[in-house]
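The values are calculated or read from the model by the stated rules, or taken from the named source; none is laboratory data. None of these values were measured; they are calculated from a predicted model. A quick note on method: Cβ atoms are made from the backbone with ideal geometry, for glycine too, and the neighbour counts reach across all protein chains shown. The accessibility values were calculated without ligands, DNA or RNA, using every heavy atom of the protein model including side chains. Shrake-Rupley method; radii C 1.70, N 1.55, O 1.52, S 1.80 Å.
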Amino acid sequence: MSGHDGALGAPGEVTGGRLVLLGNAIVDLVMRVPALPERGGDIVSTDTTLTTGGGFNVLTAARRLGLSAVYAGAHGTGPFGDRVRADLAREGVDMVLAPVAEEDTGFCVAFVDGGGERTFATSLGAEARLTEAHATSVLAALRPGDMVQISGYGLAYPVNGPVLASLVARLPEHIRVFLDPGPLVDQIPDEVLAPVLERCDWVSCNQREGRLLTGRDDTEEAAAALAARLGPRTGVLLRADAAGCWLVPPGGAALHIPGRRVTAVDSNGAGDAHTGAFLALLGHGLDPSTAVRGANAAAAFAVTRHGPATGPTLGELLDLLDGEPLAARLSSALGR
């Protein structure tokens, strides 16, 4: 790996530093509809909620499992920015940057259909206005052992992408870097994506993103092909929803980690719950295979709840596992 793994610590000891998110925390307008309307049509929402989302979901999933977290993205001045800051403070997430003047944080309209699938439309705001001065502030705020999470959403933004690519390339070797390429991965310029992939310690993506990155439809083949593309220092997670996750440890072979069958009511934020839980469990000193098993369970829990930020607390995760051997490992590592 380009960073370090961190030695296993005593139960409850966070050995991996903090989660530092270089993503975007925005406001989600979530509308539940029986189905998406036809082009030119209309449909009445059965329920509408306004909540903080985006990278906030990863931060909360990690915080609820005991990992310190920091939001290092931009945020605006206005009602949406105020809401994001209030929700971050409520979850115990620190912030690096001051608000961007004269521009509010952006928002996303998320349609959740009767099958639990979600479709998005996003309006960009201050979070898409990173500057070199912001990057300098982030670099100064990092500590040894921090884990930096970056999203393909930010890399796809015309202003943010080059700033983030340059920032990631300058990260110290002791910082571990985690990338979620996101649904816009095929829209990220190669000169932005390539240096980020070169520096990554871990890449976590879903099946569609894996196909876009490798051209492979089969999940195992896509995971192995992505690992081969990234090289032996970088690990790969290819999330396959209820089918679980393909794990390729750095320099290792693809391993299938089974998922959990649950009745999904809302898939919005499931990938974020998986990512946040994986990072939290790595930060608590667990090996990647165990961390993925815990992350699979956290994602399964998340899809049984309405809302994007539905990652479980440790107690909720242990209740879901209900005495399985994994529960004892998580309980010991997280100090319960």
- [ ] Answer with yes or no whether G78 is surrounded by 24 or more Cβ atoms within 10 Å (Cβ to Cβ) and either at pLDDT 95 or above or under 24 Å from V159 (Cβ atoms) (or both).
- [x] no
Residues of the stretch 203-234 being touching a residue at least 60 places away in the same chain (Cβ under 8 Å) and not charged (D, E, K, R), in sequence order, are S204, N206, T234
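Please go through the stretch 12-71 and give me each residue that is among the hydroxyl-bearing types (S, T, Y), closer than 19 Å to R305 by Cβ and surrounded by 18 or more Cβ atoms within 10 Å (Cβ to Cβ), ordered by number. Walk me through it before giving the result.
The first filter runs over the stretch 12-71 and keeps only residues among the hydroxyl-bearing types (S, T, Y), leaving 15, 45-46, 48-49, 51-52, 60, 68, 71.
Then drop every residue that is not closer than 19 Å to R305 by Cβ, which leaves 45-46, 48-49, 51-52, 60.
Passing the criteria: T51, T52, T60.
For the condition at pLDDT 95 or above, farther than 15 Å from T52 by Cα, aliphatic (A, V, I, L, M) and surrounded by fewer than 13 Cβ atoms within 10 Å (Cβ to Cβ), what is the one hit in A140, A135, A101, A89?
On the way: A135 fails: surrounded by fewer than 13 Cβ atoms within 10 Å (Cβ to Cβ); A101 fails: at pLDDT 95 or above; A89 fails: farther than 15 Å from T52 by Cα.
A140 is the lone residue from the list that is at pLDDT 95 or above, farther than 15 Å from T52 by Cα, aliphatic (A, V, I, L, M) and surrounded by fewer than 13 Cβ atoms within 10 Å (Cβ to Cβ).
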Apart from one, (1) at pLDDT below 95; (2) under 23 Å from L255 (Cβ atoms); (3) surrounded by fewer than 16 Cβ atoms within 10 Å (Cβ to Cβ) all hold for G285; the odd one out is (3)
Counting only residues that are modelled with pLDDT of 90 or more and either surrounded by fewer than 15 Cβ atoms within 10 Å (Cβ to Cβ) or charged (D, E, K, R) (or both), the stretch 252-276 contains a total of 4
* T310: of a type outside the set (K, R), open to solvent by 40 Å² or more (accessible area, probe 1.4 Å) and either outside any helix (DSSP H, G or I) or more than 28 Å from H174 (Cα to Cα) (or both), yes or no? -> no
